Structures are given as C-alpha cells and as structure tokens.
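Below is one structure; the comments refer to it alone.
The values are calculated or read from the model by the stated rules, or taken from the named source; none is laboratory data. Nothing here was measured: the structure is a model prediction, and the numbers come from that model. Quick reminder, even Gly has a Cβ in these numbers, built from the backbone with ideal geometry, and neighbours come from all protein chains shown. Just so you know, the surface numbers come from the protein's heavy atoms only, side chains and all, with ligands and any DNA or RNA stripped out. Shrake-Rupley method; radii C 1.70, N 1.55, O 1.52, S 1.80 Å.
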Amino acid sequence: MIDMHCHILPGIDDGAQNLEESVALLREEKRQGIQKIVFTPHFNPERQILDHFLTARENSWHHLQATDEFRQLELETKLGAEVYFSMRLTEMDLSKLAFENTNYILIEFPVNNRPYGMTRTLQSIIEKGYTPILAHVERYDFFTENPVKLYDLVSMGCVAQVNAAAVVSGVSVKGVSALQYINWELAHLICSDAHSMVRRAPNTQAAYELVEKKLGHQYTKWLIKNSYDIFQNNYFDEPVSHQPKKFLGKWR
Ligand SMILES: [Fe+2]
C-alpha cells in the first residue's frame, strides 16, 4: 500500500515535531503494510515563500534520511506538498510542489467556503500538464451538499482523495460519507493524512479493510492500483465515475 498524504517529515508543519515522532509514525505505517510514502507538508502560497518552504523541506528530509532508524525501514519515498488553494497557483512553477518526478499535485481547500475561482484555477493547472489531487474531499460542505460539483471536477480531470480516518469513522455529512464517494468512484485514493500518533494516527489498513468488507475486493484493488499509478506517474485512466443523483432527498 502507498500513503500519499501525510505530515510525517519532522519539524516542518503541524505534523511530526521531531525525529522520534517521525520514526514512530513511519514504523506504524510500515506495520500496517505501507511500503511507499509521499511526504506532503503544508504549503500555503498566500503565506509562505516557495523557496523558503523548499529549503525547509529539504533540510527536514535530510535530517530524517540520515538516521539509521529511517533507513532500516526500507521505505520508498517521494517529496511532495499539501498545497493550500490559491489563484496564484496559475502563475507558479508547480514542478517543485508536485509529487517528486510526477505531474500530480495535492491541493486542499478552505473548509467552509468554496473558494472564488476554484474551477478556473484547477482547469489552468490541468492545462499546464498537472493533475490536481483534491485532498480529503469528504471534509467540504460544498461537495457534500452537492456531490455533482465534485463529479464535474473529476470529469474535468481532477483526482480525489479521502482520509482513512473518515472512512473508518463512517461519519456522513448530509448523508454523504467518505465510503459513498469511493462507491461512486469519485474518490480515487485513501490516505492517512497522519499528523502524529495521537492526532490522526495512521490507519490506512483499517480503512482498506472496511472498503473490502462493505464494497468488495474490486474496490480495494482499484484504490491500490490508483495509488500505484500516481506514484509511478503512470497515465491515470479516465475515471469512470458515477454521477450522484438525488432521490427522495438523499444522494445516491
Ligand atoms: Fe493534510
């Protein structure tokens, strides 16, 4: 399994604060069957200077890489970022923010409001040759209130991710759960978004087990293949999503 959204690099954001925490998180990831990881510390183009972020990420990575504990885990890793949505992204060099040696870039939105210029900005990122991965889509009211909005972005070429914790908890907002997005094939990836062993601890294994139990093996196979294709920078198959329809007041 592959985890492509986590805050495990030490001392760079609100995730792991030091090497000990990083190593503990990585040991837990490995124990759960994760073999490949993309490190995605937060980057906000409105508040941070790209070069400063890249230097901090490089330093944190070298620090971790230099430890025996990390090397003994024999994980395959890439650097990435969880980029806060900004219309400035259209003017930026995205190559350093995309997952290393790929054209995939993880983007998160403000929780409460659908940001101005969202579709236009995502379209322009796609036109530059990048595929936006929309982080934890289950979190946003503007999708749960009307999942067709997510369907439209996926049809445009975006990929969507749900958090393992949301899959496991089964929480639904306005009747729409993380599992429902997977069932519609509107969420293509499960990731941990792990911050610490206490706050959103890695639990990808439990999420996959739940998908297997509730939706069946073809769904777990599909999710794992998607994460593999993204990690390898393979062409992502045109997603065959089901368009959500409202029936008797519920999205189905
Ligand atoms: Fe995150």
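Taken over the range 85-123, residues that are of a type in the set (Ser, Thr, Tyr) and open to solvent by 30 Å² or more (accessible area, probe 1.4 Å) amount to 4.
Taken as a whole, the condition of being within 15 Å of the ligand (Cβ to nearest atom) and either hydroxyl-bearing (Ser, Thr, Tyr) or assigned to a helix (DSSP H, G or I) (or both) applies to Arg57.
Residues that are closer than 30 Å to Pro10 by Cα and open to solvent by less than 60 Å² (accessible area, probe 1.4 Å) are absent from the range 236-245 altogether. When you scan the range 165-192, how many residues do you find that are within 17 Å of Lys246 (Cα to Cα), in a loop (DSSP other than H, G, I, E, B) and in contact (Cβ under 8 Å) with a residue 60 or more places away in the chain? Residues that pass the stated criteria total 3.
For the range 14-46, filtering for residues that are closer than 21 Å to Tyr84 by Cβ, within 16 Å of the ligand (Cβ to nearest atom) and surrounded by fewer than 22 Cβ atoms within 10 Å (Cβ to Cβ) leaves 5.
Annotation note: of Val154, Val211, the sole residue that is part of a helix (DSSP H, G or I), touching a residue at least 12 places away in the same chain (Cβ under 8 Å), more than 16 Å from the ligand (Cβ to nearest atom) and under 23 Å from Glu29 (Cα atoms) is Val211. Against the numbered list (1) open to solvent by 40 Å² or more (accessible area, probe 1.4 Å); (2) under 24 Å from Asp229 (Cβ atoms); (3) in a helix (DSSP H, G or I), Gln72 comes up short only at (2).
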